[in-house]
1. When the residues of segment 1-42 are filtered to those that are β-branched (Val, Ile, Thr) and closer than 13 Å to Cys73 by Cβ, which remaining residue is modelled with the highest pLDDT?
2. Given (1) of a type outside the set (Val, Ile, Thr); (2) open to solvent by less than 70 Å² (accessible area, probe 1.4 Å); (3) in a helix (DSSP H, G or I); (4) modelled with pLDDT under 95, identify the lone condition not met by Ser220.
3. If I ask for residues that are modelled with pLDDT under 85 and either under 26 Å from Leu289 (Cα atoms) or not in a loop (DSSP other than H, G, I, E, B) (or both), which ones from segment 175-216 would you list?
4. When the residues of segment 79-109 are narrowed to those that are assigned to a loop (DSSP other than H, G, I, E, B) and among the aliphatic types (A, V, I, L, M), which ends up surrounded by the fewest Cβ atoms within 10 Å (Cβ to Cβ)?
5. How many residues does segment 410-420 contain that are open to solvent by 40 Å² or more (accessible area, probe 1.4 Å) and either in a helix (DSSP H, G or I) or among the aliphatic types (A, V, I, L, M) (or both)?
6. Among the residues of segment 1-23, is any among the hydrophobic types (A, V, I, L, M, F, W, C) and within 30 Å of Glu141 (Cβ to Cβ)?
Amino acid sequence: MSDRLSVVYLPSISVVQILSYLTWEDKIAVSSAFPVWDIILSSASAWPIVVYENELIENAYFIPERRSRFMSCIKQYGQYIKNITIEFAFEVGHGGLNIFQAISKYCVNLRGFLLVQEWEVGSIGIDLDSCAIESVCQILEKCTKLQSVGVNYCDNEYHVEQDIGLLDVIVNKNLAHKITQLEISCMLFYEDFDQREFPVLTKFPNLKKLRTRREIMTSSLLLELVNNSLQELTLVQEEELPFPLQNDLNEDFWKLVLKTCPNFKLDLVLRYLMVIKENFPRSMPLRCLTLDDLANIVTKGVLDHIIDCYHNTLTTLKYTNSLLENNEAGDKRLPFALVDMIRRCPKFKCLQYGFPLSSTSVLLIARIRKLKILILHGVEISYEYDWPKNSDWPPEFIHWLKECGSSQGKLEDTVSGLQDRKWRLTYDPFTLDDRLNALFL
């Protein structure tokens, strides 16, 4: 109909909001479809963050052309971009170097830069050669308004072909003060590396966020990092530690850390281990706990201990076993502890759980608090009322639990209403995302 409002006549303030949520590729497509919007696209409000990613899901044949399009985007709109995240999955090469150089030349108002290594499971990723390292340093030097710089591309730092890696070059060029976030891990698989000494970390005076292997973190190193500026730490542990190192980060040590930095936050990722109460000393400022493929089952007693120790800091629990296929029931008392955890931890907002759970437990969890993330696997849900009698529950409430938990459809609709958003059980392969609180600008 002729009286319908055309999309090109939308108010500019609305268009800017729409454009700010689109990917860089969608922005370019919109600009081509509606040239009248290009003047709106030429504004800082339309480019709050640009993310180049997902090379692994692309056909490698088309990567050079996609990188070329991204470089052209940077050249045209770089002056408006505030934050950039780059994730390469293939050799940096000529196309990658062009992107780095375009950023350093055109992104004059850049506030945040994050360089991420994208790799497949079982891969150790790719190395940055000397040209790529020099180009990254050019970004740090020429983008003078940078406030946040993250690098989790340094996994191969000690086994690259050249004699010196990215972190060392950054330090040698007096650019270490630019780095605010780091991730370091894979070099620990090499036997000739002394994993108890990693002094290069202390050369970054403004390092605020760090993700690394538990094996390299000693109390003396961590305390020095905290005294510098470290505020958030993610420790990944996949093997048992010698007792002296295991006991290094004890209750007294965490009290000292919190005295230096009262708002310090710790995320733990534990895999392939025996998890017991001793893994969780009191006063540890635990924010996010990820448990996957454990050698034992977490018991209600262990989870109760975690709740007692960290009820004022815990925001996230992710617990599953991706190697098992419905042949492990876990501790049948654990759902009671989960509900108690949601109730007693006022900051709790993310639950990812891959073990059997009744619809009654799901409803009790969803009723206590609106969660930012609630991921449950459909094959693990039973539609039954299995909780013991509670004298505080009136008959109407018990009837509600039984009725709303009697089928998948009723459960999903009820939880959606309680959470004020559409919620569904997942049937996708259960992949545990342990980087929810990892390096982000």
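The values are calculated or read from the model by the stated rules, or taken from the named source; none is laboratory data. These numbers come from a predicted model, not from an experiment. Positions of Cβ are backbone-derived with ideal geometry, glycine not excepted, and every protein chain shown enters the neighbour counts. Calculation scope for accessible area: heavy atoms of the full protein, side chains included, ligands and nucleic acids excluded. Shrake-Rupley method; radii C 1.70, N 1.55, O 1.52, S 1.80 Å.
1. Residues of segment 1-42 that are β-branched (Val, Ile, Thr), as a first pass: 7-8, 13, 15-16, 18, 23, 28, 30, 36, 39-40.
Going one step further and asking which of them are closer than 13 Å to Cys73 by Cβ, we end up with 23, 28, 30.
Numbers: Thr23: 93, Ile28: 90, Val30: 87.
Out of the qualifying residues, it is Thr23.
2. Single failed check for Ser220: (2).
3. Of segment 175-216, the ones modelled with pLDDT under 85 are 184-200.
Matches in segment 175-216: Ile184, Ser185, Cys186, Met187, Leu188, Phe189, Gln195, Arg196, Glu197, Phe198, Pro199, Val200.
4. Quick first cut of segment 79-109, residues assigned to a loop (DSSP other than H, G, I, E, B) only: 81-82, 89-92, 107-109.
Narrowing further to those that are among the aliphatic types (A, V, I, L, M): 81, 89, 92, 108.
Numbers: Ile81: 24, Ala89: 20, Val92: 23, Val108: 14.
Here the residue is Val108.
5. Within segment 410-420, the first condition is being open to solvent by 40 Å² or more (accessible area, probe 1.4 Å), and the residues that meet it are 410, 413, 417-418, 420.
This time we only want the ones that are either in a helix (DSSP H, G or I) or among the aliphatic types (A, V, I, L, M) (or both), so: 410, 413, 417-418.
So the answer is 4.
6. Here is the first cut: in segment 1-23, the ones among the hydrophobic types (A, V, I, L, M, F, W, C) are 1, 5, 7-8, 10, 13, 15-16, 18-19, 22.
Next, from what is left, pick out any that are within 30 Å of Glu141 (Cβ to Cβ): none.
Looking for residues that are among the hydrophobic types (A, V, I, L, M, F, W, C) and within 30 Å of Glu141 (Cβ to Cβ), one finds none in segment 1-23, hence no.
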